[in-house]
Structure formats: C-alpha cells, structure tokens
Amino acid sequence: MRFQARVEVHLRDGIADPEGATIERALPALGFDGVAHVRAGRSFSFEVDAADEGAARVKATELADRLLANPVIEQSTLELQALGS
Amino acid sequence: MAVTVGVVVFPGTNCEYDVVQAIDGLGGQGQLLWHGDVGLSRVDAVVLPGGFAHGDYLRPGALARFSPIMDAVTEFARAGGPVVGICNGFQVLTEAGLLPGALQKNGRLRFLCQPTPLQVTSTASVLTGLATVGDELMIPINHFSGSYVCDEQTRHELTEGNRVVLRYLDNPNGSVDDIAGIANEAGNVVGLMPHPERASSALLGSEDGLILLRSLLAAALPVAAV
C-alpha cells in the first residue's frame with residue numbers, strides 16, 4: 001500500500017525561535033492585532049510504500065527522527081493518509 | 001615526520017585550503033579528504049572545516065552526517081583520535097552525535113562575520129592543550145547558525161566536566177553560557193564556531209588562532225609516534 005505522509009517540524013517548547021519572534025513582532029505594524037505565540041516550522045510531504053498503516057508510520061517516524069528533525073531542538077508530528085491504488 | 005591532518009571536503013565546504021595552509025605553516029601536513037571516501041587514509045588528526053556542506057540543506061550538518069567518510073571519522077574519534085570541527089564542521093559533529101547539543105540560528109537572525117573576542121576556559125582538549133585558561137583570543141566568526149543550545153543536563157555536564165573550551169567575551173549570537181567551543185568527555189573531539197585558520201597570520205589581522213592549531217598538532221603527535 002502507498003501512503004501520503006506529511007511531517008511538520010517545529011522547535012521544541014522552550015527553545016528560542018527567532019523566526020517566530022520576528023514574525024510576531026512584525027504583525028502589529030501590518031495591522032494584525034491579537035495574534036500571539038507565533039512559532040515557525042517546516043513541512044515535508046512524501047509517499048511511503050508499506051504493508052499497512054502501522055508499518056508506514058514506523059518508517060515515516062524513523063525518517064522524521066533521524067533526518068527531518070534534530071530531536072535535540074526540534075519535535076515533529078506525522079499525518080498519514082492512504083492513497084488509492 | 002610531519003603530523004598529517006586530514007581535512008574533510010564535503011560538497012560546499014569552502015575553508016579547506018585555509019586550514020591546510022595554516023597547518024602547513026606550522027610544520028604539519030594538511031591533506032584533503034573527500035567526503036565520499038569510505039575510510040580515512042593514514043592521518044594523525046581530522047579537521048572538519050567550515051563552509052556549507054551539502055548546501056546546508058535541511059539544517060547545517062544534517063546531510064553531511066550521512067556522508068560515507070563520517071563512519072571512519074566516528075571510528076577515529078571513538079579510538080581517541082583528535083577531531084576538530086570548525087564552524088560548519090562543529091554543526092556536522094553535533095548532528096552526527098559526536099558532540100552534544102545543537103547550533104541554532106543566531107539570536108537576532110543576522111549572519112555574523114567579524115573578529116570576535118574569546119576566552120580560553122579549559123585546556124583539557126586537543127585544541128586548547130597549549131593555551132592557558134584565561135587567555136584572550138581575537139578570532140573571526142562567520143556564521144548564521146552559531147547559537148549553541150543544549151538541555152540542562154548537558155549544560156551541567158559540560159560545565160562540571162570542564163568541557164567548555166572557549167567562551168565569547170561579548171556573546172554575539174545568543175549561545176547558552178557564552179559557549180563558543182566544546183569538547184567531548186575525553187577531550188579529543190572539539191567543535192567551535194570561530195575560525196582559528198583565519199587568525200593564523202598578522203597579515204590577516206590576528207595570529208591568535210595559531211595557539212589552537214599548534215595544540216592540535218601537539219595532541220596528534222603521540223598518535224603519529226605509535
């Protein structure tokens with residue numbers, strides 16, 4: 001089976017996020033009020049072949065932890081969706 | 001016999017010749033090593049120089065860590081061989097797990113390229129063995145992701161283990177505890193953001209990097225003698 005994977009990588013809570021902070025500081029000047037806690041991150045999408053969703057999840061999680069995110073400072077979330085054959 | 005220092009070249013590395021020239025100037029022998037090689041040739045020390053290995057895609061050092069030569073570098077480091085990562089090389093060493101922590105984007109999101117005052121805070125490493133604690137050195141930095149971060153436990157271990165080898169006197173990038181360079185537990189693997197090879201001649205504005213490179217050559221000697 002083939003699955004569509006989407007991995008989002010963000011800095012861990014407590015790790016300074018200068019990009020998020022800079023975006024947040026720029027918002028009032030653009031007229032956006034009432035926006036707080038901006039965090040910048042990255043999104044990756046890829047397709048995985050695996051026997052079932054569990055196996056696809058294991059593979060995609062390992063890929064995210066070993067390469068896409070640096071677990072020392074980042075955390076990742078994974079979404080999987082089965083693709084029609 | 002001259003001490004041979006292997007200088008690893010990844011696609012996008014750009015400080016390899018500066019390092020080789022500085023090493024050669026001190027009587028050592030710099031030898032370029034290609035990242036795609038699976039083994040190290042006979043070298044007494046390894047330097048991972050600055051630049052943008054693999055274009056710094058994903059994160060600095062994230063892809064370089066998977067270059068074929070890194071297995072041999074890791075083995076060399078585990079056997080006690082001197083390994084020094086300068087700037088991008090420091091980022092590679094943290095990504096490869098040879099040094100703890102990570103290098104984050106600079107605090108104010110500025111690319112910093114400037115002479116930077118440093119203080120030697122430990123001599124228990126292959127890069128600072130000939131220096132004296134308290135020595136002040138003026139050495140350039142040149143980076144966008146040089147802000148050192150680590151968890152509390154690592155910070156404690158680095159401090160208690162006397163493993164912070166260099167600190168910024170005027171923290172330019174937001175590094176935890178003003179950390180500019182650290183060593184592993186054994187002191188044979190060192191990473192630092194400043195570029196000692198760019199402070200290797202009065203013509204370059206400073207010779208303060210020489211004490212660090214001399215220390216590396218001195219540390220590599222016992223291995224060469226075996």
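Let me check I've understood the local charge: for B:T116, count other residues with C-beta under 14 angstrom from its C-beta, Lys and Arg +1, Asp and Glu -1. What total comes out? Once all neighbours under 14 Å are counted, the net charge is -1. Neighbour counting of Cβ atoms within 10 Å sorts the residues A:M1, B:M138, B:M1, fewest neighbours leading, into B:M1, A:M1, B:M138.
Among B:L109, B:L166, B:L130, the residue with the largest mean-square fluctuation in a Gaussian network model of chain B, with springs joining Cα atoms closer than 10 Å, is B:L109.
The three principal axes of the Cα atoms in the protein assembly as shown give end-to-end lengths of 66, 49, 35 Å, sorted in falling order. Kindly identify segment B:174-226 as rounded, prolate or oblate by the Cα gyration tensor criterion: order the square roots of the eigenvalues as a ≥ b ≥ c, call it rounded if a/c is under 1.5, otherwise compare a/b with b/c, prolate if a/b is larger, else oblate. Cα axes put segment B:174-226 in the oblate bin. Placing unit charges on each Cβ (+1 for Lys and Arg, -1 for Asp and Glu) gives the protein assembly as shown a dipole about its Cα centre, and among B:V176, B:H54, B:V126 the Cα reaching farthest toward its positive end belongs to B:H54. For the protein assembly as shown, a simple Cβ point-charge model (Lys and Arg +1, Asp and Glu -1, everything else neutral) yields a dipole of about 260 debye relative to the Cα centre. Computed over the Cα atoms of segment A:2-82, the ratio of the radius of gyration to the Kirkwood radius (Rg/Rh) comes to 1.12.
For the peptides B:156-162, A:5-11, B:97-103, the ranking by packing is B:97-103, A:5-11, B:156-162, with the highest mean count of neighbouring Cβ atoms within 10 Å listed first.
Taking each residue in A:13-19, count the Cβ atoms of any other chain within 10 Å of its Cβ, then average. What number comes out? Working shown, then result.
Values: counts 0, 3, 4, 7, 2, 9, 2.
Going residue by residue through A:13-19 and averaging, the value is 4.
With a sphere of radius 10 Å drawn around the Cβ of B:C15, what net charge do the other residues whose Cβ falls strictly inside it have (Lys, Arg +1; Asp, Glu -1)? Charge balance near B:C15 sits at -2. Counting neighbouring beta carbons within 10 Å and listing from fewest to most, the residues B:Y17, B:Y148 come out as B:Y17, B:Y148. For segment B:4-225, what value does the Rg/Rh ratio take when both radii are computed over Cα atoms and Rh is the Kirkwood radius, given to two decimals? Result: Rg/Rh = 0.92.
Net charge of the neighbourhood of B:M70, taken over other residues with C-beta under 14 Å away and scored Lys/Arg +1, Asp/Glu -1, is -1. Exposure proxy shown here: for B:L58, B:L212, the number of other Cβ atoms within 10 Å sets the order, fewest to most, as B:L58, B:L212. Estimated purely from DSSP H runs of n ≥ 4, each contributing -39500 (n - 2.57), the mean residue ellipticity at 222 nm for chain B is -7000 deg cm²/dmol once divided by its residues.
What is the helix-to-structure angle for A:53-63, meaning the angle in degrees between its Cα long axis and the longest Cα principal axis of chain A, kept from 0 to 90 and rounded to the nearest 10? Its long axis makes an angle of about 50 degrees. If you take the alpha carbon atoms of segment B:1-123 and fit the smallest convex hull around them, that volume is 131 Å³ per residue.
Every number here is computed from the coordinates shown, using simple stated rules; none is lab data. No experiment lies behind these values; they were computed from the predicted model shown. Counting neighbours? That spans all protein chains shown, and the Cβs are built from the backbone with ideal geometry, glycine included.
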